[in-house]
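Some notes on the structure that comes next.
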Amino acid sequence: MSRVVARLMAVLSPHSTSRVVALPRRIPLFIRPLYTSQGLKSLIRYDERTDWQKKLTPEQYVVTREKGTEMPFSGIYLNHSEVGMYHCVCCDAPLFSSEAKYDSGTGWPSFTEAHGTWEKDESLTSIIRRPDNSLGSTGTEVLCKSCDAHLGHVFDDGPDPTGQRFCINSVALTFKSRGDSKSNKPEEN
């Protein structure tokens, strides 16, 4: 309707000459594309053809690829106290330093911060946070930035100075001791 009025005004206006008014054409609603989150790609930087079921054990696959959780007090790294670095089991990205590990009493390995954190800046870490409502309440999921593997969750009830508690599944991790270049993968029980 407004296009008709605009053209009529242009024709009837005393200052107008015989000019054509070109107005942008509106696309009907039923033709406009609808944008959904299905079309958005993840920040995944691994080869999408990777067959995770062949690369990982069944328990590792369920936790890292299907966002599962290992049983509390069952993980190999729960009481692990060796000095070194914890890496992603899927892509070997460095995630957490043993210096940030502590006993939270929750049944999962807990860390105060991710490796590469500078004050509160996590831009140089190998993790990303994502809102998670799967636990019945709003929480924050922790993912590997390189391969999108589910690692665990982070909570705001940790010790000082960060006040954060990263609860990470042991099966999502491998460990490399400080002087060792090869990883110590968890053994099946």
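The values are calculated or read from the model by the stated rules, or taken from the named source; none is laboratory data. Nothing here was measured: the structure is a model prediction, and the numbers come from that model. Positions of Cβ are backbone-derived with ideal geometry, glycine not excepted, and every protein chain shown enters the neighbour counts. When the accessible area is computed, the model is the full protein with side chains, heavy atoms only, and any ligands, DNA or RNA have been set aside. Shrake-Rupley method; radii C 1.70, N 1.55, O 1.52, S 1.80 Å.
Please enumerate the residues belonging to the range 79-89 that are farther than 15 Å from Ile128 by Cα and crowded, with 17+ Cβ neighbours inside 10 Å. Reasoning before the result, please.
Initially, the range 79-89 is screened for residues farther than 15 Å from Ile128 by Cα, giving 79-86, 89.
Result: His80, Gly84, Met85, Tyr86, Val89.
So Val171 fits all but one of (1) in a loop (DSSP other than H, G, I, E, B); (2) in contact with a helix residue (DSSP H, G or I) (Cβ under 6 Å, 6 or more places away or on another chain); (3) closer than 24 Å to Arg65 by Cβ; what number is the exception?
Failing condition for Val171: (1).
One residue is enough: does the range 116-132 have a residue meeting the conditions open to solvent by less than 80 Å² (accessible area, probe 1.4 Å) and in contact with a helix residue (DSSP H, G or I) (Cβ under 9 Å, 6 or more places away or on another chain)?
We begin by selecting, within the range 116-132, every residue open to solvent by less than 80 Å² (accessible area, probe 1.4 Å); these are 116-117, 121-123, 125-128, 132.
Then drop every residue that is not in contact with a helix residue (DSSP H, G or I) (Cβ under 9 Å, 6 or more places away or on another chain), which leaves 117.
Yes.
Restricting to the range 105-136, count the residues that are among the aliphatic types (A, V, I, L, M) and part of a loop (DSSP other than H, G, I, E, B).
Restricting attention to the range 105-136, the residues satisfying the condition of being among the aliphatic types (A, V, I, L, M) are 114, 124, 127-128, 135.
Now drop any that are not part of a loop (DSSP other than H, G, I, E, B), which leaves 114, 124, 135.
Total meeting the criteria: 3.
Table: residues versus (1) over 15 Å from the mean Cα position of the chain (by Cα); (2) among the aromatic types (Phe, Trp, Tyr).
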{"site": "Val142", "(1), (2)": "no, no"}
{"site": "Cys147", "(1), (2)": "no, no"}
{"site": "His150", "(1), (2)": "no, no"}
{"site": "His153", "(1), (2)": "no, no"}
{"site": "Asp156", "(1), (2)": "yes, no"}
{"site": "Thr162", "(1), (2)": "yes, no"}
{"site": "Phe166", "(1), (2)": "no, yes"}
{"site": "Leu173", "(1), (2)": "yes, no"}
{"site": "Ser177", "(1), (2)": "yes, no"}
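Scan the range 156-169 for residues that are open to solvent by less than 70 Å² (accessible area, probe 1.4 Å), more than 22 Å from Thr50 (Cα to Cα) and either free of Cβ contacts under 8 Å to residues at least 24 places away in the same chain or touching a strand residue (DSSP E or B) at 6+ places or on another chain (Cβ under 9 Å) (or both) and jot them down. Let's see the steps before the verdict.
Looking only at the range 156-169, we keep the residues that are open to solvent by less than 70 Å² (accessible area, probe 1.4 Å), and these are 158-159, 162-169.
Right, trim to more than 22 Å from Thr50 (Cα to Cα) and you get 158-159, 162-168.
Across the range 156-169, the qualifying residues are Gly158, Pro159, Gly163, Gln164, Arg165, Phe166, Cys167, Ile168.
Going through the range 87-104 one residue at a time, which ones are in a loop (DSSP other than H, G, I, E, B), out of contact with any helix residue (DSSP H, G or I) (no Cβ under 7 Å at 6 or more places or on another chain) and either within 17 Å of Asp160 (Cα to Cα) or of a type outside the set (Asp, Glu) (or both)? Working first, answer last.
Filtering the range 87-104 down to residues in a loop (DSSP other than H, G, I, E, B) leaves 89-93, 103-104.
Next, only the ones that are out of contact with any helix residue (DSSP H, G or I) (no Cβ under 7 Å at 6 or more places or on another chain) stay: 91-93, 103-104.
Listed by number, the residues that qualify are Cys91, Ala93, Asp103, Ser104.
Within the range 137-149, does at least one residue satisfy the condition of being open to solvent by 50 Å² or more (accessible area, probe 1.4 Å), small (Gly, Ala, Ser), at negative phi and assigned to a loop (DSSP other than H, G, I, E, B)? Can you show your working first?
Initial filter on the range 137-149 (open to solvent by 50 Å² or more (accessible area, probe 1.4 Å)): 137-138.
Add one more test, that the residue is small (Gly, Ala, Ser), and what stays is 137.
Then keep just the ones that are at negative phi; that gives 137.
This time we only want the ones that are assigned to a loop (DSSP other than H, G, I, E, B), so: 137.
Yes, there is a match, as at least one residue in the range 137-149 is open to solvent by 50 Å² or more (accessible area, probe 1.4 Å), small (Gly, Ala, Ser), at negative phi and assigned to a loop (DSSP other than H, G, I, E, B).
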